[in-house]
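What follows is a single structure, written as structure tokens, with notes after it.
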Amino acid sequence: MKNKLFTMKNSILKFLTHLLIVVLGVLISFSIEKERALSYKEDLKNNSLRKMISNISHDINDQKINYEIHNYTKKCTKHLLNNSKELFHAYKDSLGYYIKIVSSANSIFIDNKEEYLTLRNSGLLELIENDSLVYLLHHKYSYHQFYKKIEKYISEINHKMQDNILIKTSYVGEGMTKYWGQYGLYIDSEPLTNTDLLLVKEKFGMSDFYCLQIKNSMKRDSVLIDIIKQELSDKK
């Protein structure tokens, strides 16, 4: 009887030991697969962040051109506001030049947000431990729509100016502007009206405002690149 009892206990012990080994094996296998999946997601996240550095650098280069455009527009609008009568009486070719620029100048911000959307929609943003980086990414790409609204408003001002001003310049080209093609001689018998100059003043205000936004954006983007590089460096 004792031998049977001992044999039964021994069999149960062997069974439990075997079961424990099987369970541990399954748990270890799950743990390895989980680590592999996490490592794969980390690689995807890091690859997206590396691509994002390139995209943000491209944004900065675009912003430099946009800043140049709007800063020069500011100078032209200011010169036109301060010297429109003198230009009308003595420099009608220059008056046509400034009118062409002021009534045409704008920029198009190219929104490179594919990698950000990939991170956000795939849930990979949750793997970023730096909360400041996550916040700055959200802030950057949500702000892009604001830039486009500014450009849309500037475009609307341009249309108003073209309706009021471009009929006062000749279709015969006097020369070329840097970005906006030919300009013509001012041919109207009267100088710019108060309405014309109010539109010029409005354009100055928007160009000045957009220049400030672009400068701040370039600073934030430069900081963002540094933080992304730090995030990638910490994972090595």
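The values are calculated or read from the model by the stated rules, or taken from the named source; none is laboratory data. All values reported here derive from a predicted model rather than from experimental measurement. Every residue, glycine among them, receives a Cβ derived from its backbone with ideal geometry; neighbour counts consider all protein chains shown.
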Exercise. If you take the residues in the stretch 195-236 that are more than 13 Å from the chain's Cα centre (by Cα) and basic (Lys, Arg), which one is modelled with the lowest pLDDT?
Worked result: Lys236
Exercise. Tyr186 is checked against (1) in contact with a strand residue (DSSP E or B) (Cβ under 6 Å, 6 or more places away or on another chain); (2) in contact (Cβ under 8 Å) with a residue 60 or more places away in the chain; (3) farther than 13 Å from Ile99 by Cα; (4) of a type outside the set (D, E, K, R) and fails just one. What number does that condition carry?
Worked result: (3)
Seminar exercise, completed: From the option list Leu192, Leu199, single residue qualifying as of a type outside the set (D, E, K, R), crowded, with 17+ Cβ neighbours inside 10 Å and part of a loop (DSSP other than H, G, I, E, B) is Leu192
For this session: Tell me which residues, restricted to the stretch 119-153, are within 19 Å of Lys229 (Cβ to Cβ), hydroxyl-bearing (Ser, Thr, Tyr) and either outside any helix (DSSP H, G or I) or touching a residue at least 24 places away in the same chain (Cβ under 8 Å) (or both).
Result: Ser132, Tyr141
Seminar exercise, completed: When (1) under 20 Å from the mean Cα position of the chain (by Cα); (2) over 16 Å from Tyr72 (Cα atoms); (3) surrounded by 18 or more Cβ atoms within 10 Å (Cβ to Cβ); (4) hydroxyl-bearing (Ser, Thr, Tyr) are applied to Thr169, the one that fails is (1)
For this session: Report yes if Ile157 is in contact with an Asp or Glu (Cβ under 7 Å, 6 or more places away or on another chain), closer than 29 Å to Met218 by Cβ and part of a loop (DSSP other than H, G, I, E, B), otherwise no.
Result: no
For this session: Report the residue count in the stretch 83-125 for those that are among the acidic types (Asp, Glu) and touching a strand residue (DSSP E or B) at 6+ places or on another chain (Cβ under 7 Å).
Result: 1
For this session: May I ask you to list the residues in the stretch 189-200 that are more than 14 Å from Gly96 (Cβ to Cβ) and among the charged types (D, E, K, R)?
Result: Glu190
